[in-house]
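The values are calculated or read from the model by the stated rules, or taken from the named source; none is laboratory data. Since we're looking at a predicted model, the values are computed, not measured. Please note: Cβ atoms are built from the backbone with ideal geometry, for glycine as well, and neighbour counts cover all protein chains shown. Heavy atoms of the whole protein, side chains included, go into the accessibility calculation; ligands, DNA and RNA do not. Shrake-Rupley method; radii C 1.70, N 1.55, O 1.52, S 1.80 Å.
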Amino acid sequence: MSADNAPTRGRGVSVATRDIRLAFGNNQVLRGVDLDVPAGSVACVIGPSGSGKSTLLRTVNRLIEPDSGDVLLDGRSVLKENPDRLRQRVGMVFQHFNLFPHKTVRANITLGLTRLRGLSKDEAAARALRELDRVGLAHKADVRPSHLSGGQQQRVAIARALAMDPEVMLFDESTSALDPELVKGVLGTMADLAADGMTMLVVTHEMGFARSVSQQVLFMDRGSVVEAGSPERIFEAPESGRLQRFLSQVL
Ligand code: ADP
Ligand code: MG
């Protein structure tokens, strides 16, 4: 899917959390979460609705500050880093694409590059085209998002995050809002990115993706990682009753 001359990315760094705890009022949403995603690998987070998956992801790029615990990028704490800079290092793609409807696809991507990264208009436009080419949408640069399918819009959102040259990518149910026939294209783009060496932390209900692309699957329930292991281990030999029940409902 990516152009022959596109440089391989290969610069994902490790990401880890240490004993992350967070409550919303009386609701203890994260109860001491540890995770380790080695550089260039993919970890999928699965688990029932309300188990804290989105909240965990948001603590990694500090959209939410945990009550305690630490987040490490490339072995270094990010809790003292400037949040704007951190969100360039850690790209995030949500369930809904959040593209600006009145701007072209290209302008959706160049905006952050000129405002946050200080690129010239020409440099930003060239980089936007490069990233659109990677996700197979260079020919859509001049149209508005409403002219694209949901899957294409989501691939633009991925290209927009990648244009910032992130070291880690977070995906929060990025295919859950899509019509079934559009899911495959987005998962394919994500698999390409993984093959390019990006470090990815992916909340997903797509068990096929978790099985075939990730090196590690974490099962969360009620604010804790209940089980973690290779996809084979998690899917073929779940140990806890909670994971067994969850899998019997989703597989
Ligand atoms: P998941 O992504 O696994 O479905 P979430 O992380 O979205 O779970 O939510 C975990 C819990 O935290 C839920 O009980 C949810 O209601 C609560 N929660 C999430 N965000 C907020 C918030 N901004 N304010 C209060 N409660 C929240
Ligand atoms: Mg969620």
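For the reader, a short list of remarks on this structure follows.
- Those residues of segment 67-86 which are touching a residue at least 40 places away in the same chain (Cβ under 8 Å) and out of contact with any Lys or Arg (no Cβ under 6 Å at 6 or more places or on another chain), in sequence order: Val71, Leu72, Leu73, Asp74, Gly75
- Matching residues, segment 92-126, being of a type in the set (A, V, I, L, M, F, W, C) and either in contact (Cβ under 8 Å) with a residue 40 or more places away in the chain or touching a Cys at 6+ places or on another chain (Cβ under 9 Å) (or both): Met92, Val93, Phe94, Phe97, Leu99, Phe100, Val105, Ile109, Leu113, Leu116
- Qualifying position, being of a type in the set (A, V, I, L, M), in a helix (DSSP H, G or I) and surrounded by 21 or more Cβ atoms within 10 Å (Cβ to Cβ), among Ala159, Ala126, Ala107: Ala159
- When segment 129-144 is filtered for residues that are buried (at least 17 other Cβ atoms within 10 Å of the Cβ) and in contact with a His (Cβ under 8 Å, 6 or more places away or on another chain), only Lys140 remains.
- Which listed residue, of Thr104, Thr55, Thr59, is touching an Asp or Glu at 6+ places or on another chain (Cβ under 8 Å) and within 16 Å of ligand 1 (Cβ to nearest atom): Thr59
- Counted residues, segment 192-251 - those being free of Cβ contacts under 8 Å to residues at least 60 places away in the same chain, over 19 Å from Lys53 (Cα atoms) and assigned to a helix (DSSP H, G or I): 7
- When residues in segment 1-39 are screened for being within 30 Å of Gly185 (Cα to Cα), modelled with pLDDT of 95 or more and surrounded by fewer than 19 Cβ atoms within 10 Å (Cβ to Cβ), 5 of them pass.
- Conditions (1) buried (at least 18 other Cβ atoms within 10 Å of the Cβ); (2) under 18 Å from Met169 (Cα atoms); (3) within 16 Å of ligand 1 (Cβ to nearest atom): number failed by Pro66: (2)
- Among the residues examined, Val45 qualifies as within 16 Å of ligand 2 (Cβ to nearest atom) and touching a helix residue (DSSP H, G or I) at 6+ places or on another chain (Cβ under 6 Å).
- His147 being without any contact (Cβ under 8 Å) to a residue 12 or more places away in the chain, more than 16 Å from ligand 1 (Cβ to nearest atom) and open to solvent by 30 Å² or more (accessible area, probe 1.4 Å): yes
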